[in-house]
Amino acid sequence: MIDPITLEVLREAFVSIVREMRVTLVRTAYSSILYEGEDFSCVLMDGDAQIVAMSKGQDHPLHIVPIAWSMKAVREKFGDDIHPGDMFLHNDPYTGGTHLNDVALIYPIFADGTMFVFPVVRAHWGDVGGMSPGSLSGGATEIFQEGVRIPPIRIVDRGVPNQAALDLIFSNMRGPRERQGDFEAMLGTCKKAAERVEGLAAKYGVATVRAAVAELMDRAELRMRRAIAALRDGEYVYEAHLESGRERLEPLTVRAKVTVADDTITIDLTGTSPQTAGPTNVGPAMAPTGAFTIVKSFLDPGSDVNSGAFRPLTVITPPGTIVNANPPAPCGGMVEVKYCVETAVMGALAPALDGKVAGDLKGGGNHCYVGGPHPRTGETFIFYEYPAGGTGGYDGGDGSNTVRAWTESDMTTLQPIEAIEQLYPVHVEATAIREDSGGPGRWRGGCGLTRAVRIQAPSTQLSVLAEKAVLPPFGVCGGDAGARNRFWISRDGRPVAPSPLPGKVSGFPIEPGDVLMMESSGGGGFGDPLDRDVAAVAADVAEGYVTRAAAERIYGVVWRGDAIDEAATATRRAELRVARPRVSLHPAPDLASAGAATADARLRGRAVRIDAETARALGISRGGVVELVNPRGAPLRAWVADVMPGNGRRAEMAADGLRMLALADGGEAEIRAVHSGAL
């Protein structure tokens, strides 16, 4: 046993070491993505591949949680052939990496002849080779196009760097000076953290430090089990979708069955789409990371994050699917798949949480790269932005505008204008809140942003890897969707689409003087927009978050001059409620559930059949996407497989869809248009 005071001192010491690691890396990194964007995370691990401590709110779960898989891969490859002074490099998605740009440096420390508490850094390198500057590309069809794949490799052998391996790695990356500088910064960060850990061992003793780690793990496990035990036992199912395809939308589905039993949760992703010849795949670590992030965030958000909290959770990821892909599937879109898993798990848990959920988020990293030869130096420059969006509305509050979401770390929303204009041949012409982007609701989703960047160099290319560019972030409990992500080029004042499928761009040629427009999505709303307080709507209009036209059209607010006419508003809102399209839902055994193979790739999402008058009212046809509103949770989205004649206000789909909406045969639901089917 360890006394509680010593335990608390050591707990704080572990977190303090991680925070010092962050400061060290920011101050010594070479690339702006690290010292300005802070796209990295630090963690202390132990010899059993358990997370001991991370800096909650600063370090990103998607960087940290997979480190356990990375460490297991190191142990499987090297066994007992690991010695003091060794360091290991790793980025392979199929053995615990995220995507190739995220490179982990693992520095085992030994005490009493066995591995002790030790530091790990995972940092996003601006380029790791591949088909386009920045490596991440919406056009990748195999992982070889995404850069250098690093299996667990001993990069420092008993204190001596493996220079041949380093030379090989850096020679296959653009901007090798930055890459090597970032590696040296990671090396120094880990060495400084090792000194701090060794100092703790000297002061308190190895046995005491080990006892503290064990106790912290057990305490986190107990807290999580208590939180799970407070839920209603049951089986909950939901599905979410990703935007795949090249010329048009060909959806992919993540299906989550969440089983709550006593103090455990099992998340089964069976039924998820097979892996795809596009970047929206992940290796075995990312889906469990997303599932854990949601469960922890909703059930036990206040406590520390360590591996003990993971123990009550089981995640089943079928091999050969987008949540556990086999080589050579590209994995550049791992953030996007992780977010989709989070969306599916949150949607499934909504009934168990009694509606205590939030509107959907922007959908991923919003990776946006511009690269080419720098006119001043001739070296390859890589300008990388990843614009944040609005967060979802929730019961009791609006979402936040243009910030990192609660499933992310405290990364920079955007890099400072002064920094990027100094480093790259670009000029930032505008950065602003994006009007009407927050999802309408009783509690509005946060707004996204607009960033306009003029490119001033010749021979540059644009690559984008983003989601929610076709299917917007949904609202919950009757709330409406936020705006879609948009990434496009303004050329001589004319809009130019850089790819047939929005959000997936690979090496699009930019002309000098082109303006790159980045418009991030808003969060989904919570609750019926017609229940929003009129004073809150007026305040949104005054702040520039919502235009007056949208306030009238969506929220039913009627102005007389500069004042709100409350009587006319009440009348208008009543009219809008009555005018909403509704359908009675009926099971149709011949219609496929989500993810099933169909001859038409557009219809690989959940299929629905609607009547002609409803289709006309929604402005939608075959291949379009609708959502059926769930007043107590997340809406169910479906692809129109057929349009029935007549005006029966009727919809048909597979029976499990009705169960997700908690509706019996003939039950009614509001229906909304999401996507017309044309791009």
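The values are calculated or read from the model by the stated rules, or taken from the named source; none is laboratory data. Since this is a predicted model, take the numbers as computed values, not measurements. Here Cβ is always computed from backbone atoms with ideal geometry, including for glycine, and neighbour counts include all displayed protein chains.
Structure summary
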read-out	value
Test result for G181, on the phi < 0 side of the Ramachandran plot and surrounded by fewer than 22 Cβ atoms within 10 Å (Cβ to Cβ)	yes
So M286, is it farther than 25 Å from D102 by Cα, aliphatic (A, V, I, L, M) and either buried (at least 17 other Cβ atoms within 10 Å of the Cβ) or touching a Phe, Trp or Tyr at 6+ places or on another chain (Cβ under 6 Å) (or both)	no
In the stretch 100-114, the residues that are out of contact with any strand residue (DSSP E or B) (no Cβ under 9 Å at 6 or more places or on another chain) and touching a residue at least 40 places away in the same chain (Cβ under 8 Å)	L100, A111, D112, T114
H83 part of a loop (DSSP other than H, G, I, E, B), at pLDDT 95 or above and closer than 20 Å to G188 by Cα	yes
Verdict on S520 being of a type in the set (S, T, Y) and surrounded by fewer than 22 Cβ atoms within 10 Å (Cβ to Cβ)	no
P440 being buried (at least 24 other Cβ atoms within 10 Å of the Cβ), modelled with pLDDT of 95 or more and more than 26 Å from F292 (Cα to Cα)	yes
Residues of the stretch 658-679 satisfying the condition of being out of contact with any Asp or Glu (no Cβ under 9 Å at 6 or more places or on another chain) and small (G, A, S)	A662, A664, G666, G667, A669, S676, G677, A678
Matching option when the condition is in a loop (DSSP other than H, G, I, E, B) and under 18 Å from T402 (Cα atoms), among P473, P502, P498, P512	P473
Some residue of the stretch 235-242 being surrounded by fewer than 20 Cβ atoms within 10 Å (Cβ to Cβ), within 24 Å of the chain's Cα centre (by Cα) and either at pLDDT 95 or above or of a type in the set (A, V, I, L, M, F, W, C) (or both)	yes
From T266, T272, T314, residue being touching a residue at least 40 places away in the same chain (Cβ under 8 Å) and crowded, with 19+ Cβ neighbours inside 10 Å	T272
Complete set of residues in the stretch 620-659 that are within 29 Å of V357 (Cβ to Cβ) and in a loop (DSSP other than H, G, I, E, B)	I620, G624, V629, N630, P631, R632, G633, A634, P635, R649, A654
Only one of D48, D59 that is over 24 Å from E408 (Cβ atoms), assigned to a loop (DSSP other than H, G, I, E, B) and among the charged types (D, E, K, R)	D48
Pairs, first touching a residue at least 24 places away in the same chain (Cβ under 8 Å) in the stretch 603-622, second among the basic types (K, R) and surrounded by fewer than 23 Cβ atoms within 10 Å (Cβ to Cβ), C-beta under 7 Å, six or more apart	D611/R649; D611/R650; T614/R649
In the stretch 412-431, the residues that are in contact with a strand residue (DSSP E or B) (Cβ under 6 Å, 6 or more places away or on another chain) and surrounded by fewer than 16 Cβ atoms within 10 Å (Cβ to Cβ)	I417, H427, E429, A430
Sole residue being within 15 Å of A309 (Cβ to Cβ) and either outside the structural domain of E198 (by TED's automatic domain parsing) or among the small types (G, A, S) (or both), chosen from A73, A68	A68
Matching residues, the stretch 119-160, being closer than 21 Å to A29 by Cβ, in contact with a strand residue (DSSP E or B) (Cβ under 7 Å, 6 or more places away or on another chain) and surrounded by fewer than 24 Cβ atoms within 10 Å (Cβ to Cβ)	I150, I155, V156
Close pairs (6 angstrom Cβ cut-off, 6 or more residues apart or separate chains): part of a loop (DSSP other than H, G, I, E, B) in the stretch 144-161, among the hydroxyl-bearing types (S, T, Y) anywhere	G147/S135
Any chance T614 is at pLDDT 95 or above, among the polar types (S, T, N, Q) and outside the structural domain of G648 (by TED's automatic domain parsing)	no
In the stretch 20-43, the residues that are closer than 15 Å to M54 by Cβ and within 23 Å of the chain's Cα centre (by Cα)	R22, E38, F40, S41, C42, V43
Residue that is nearest to G556 (Cα to Cα) [pool: residues in the stretch 419-470 that are among the basic types (K, R) and outside any loop (DSSP other than H, G, I, E, B)]	R451
Selected residue (criterion: nearest to Q180 (Cα to Cα)) from residues of the stretch 14-54 that are polar (S, T, N, Q) and surrounded by fewer than 22 Cβ atoms within 10 Å (Cβ to Cβ)	T28
Options I51, I2, I67, I33: the member that is more than 24 Å from I153 (Cβ to Cβ) and touching a residue at least 40 places away in the same chain (Cβ under 8 Å)	I2
Filter result for G37 (out of contact with any helix residue (DSSP H, G or I) (no Cβ under 9 Å at 6 or more places or on another chain) and more than 13 Å from A123 (Cα to Cα))	no
The stretch 558-588, subset within 34 Å of the chain's Cα centre (by Cα) and part of a loop (DSSP other than H, G, I, E, B), residue surrounded by the fewest Cβ atoms within 10 Å (Cβ to Cβ)	R580
Restricting the stretch 367-387 to residues that are charged (D, E, K, R) and farther than 30 Å from H241 by Cβ, the residue that is surrounded by the fewest Cβ atoms within 10 Å (Cβ to Cβ)	R376
Among the candidates P318, P288, P330, P301, residue that is modelled with pLDDT of 95 or more and more than 30 Å from Y369 (Cα to Cα)	P318
Answer residue from the stretch 54-80, given it is touching an Asp or Glu at 6+ places or on another chain (Cβ under 7 Å) and on the phi < 0 side of the Ramachandran plot and is modelled with the highest pLDDT among those	H63
Unique match (being surrounded by fewer than 22 Cβ atoms within 10 Å (Cβ to Cβ), over 25 Å from the mean Cα position of the chain (by Cα) and not assigned by TED's automatic domain parsing to the domain that holds G393) among A655, A651	A655
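Matching residues to (1) among the hydrophobic types (A, V, I, L, M, F, W, C); (2) surrounded by fewer than 24 Cβ atoms within 10 Å (Cβ to Cβ):
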site: P318; (1), (2): no, yes
site: V323; (1), (2): yes, no
site: G332; (1), (2): no, no
site: L353; (1), (2): yes, yes
site: G365; (1), (2): no, no
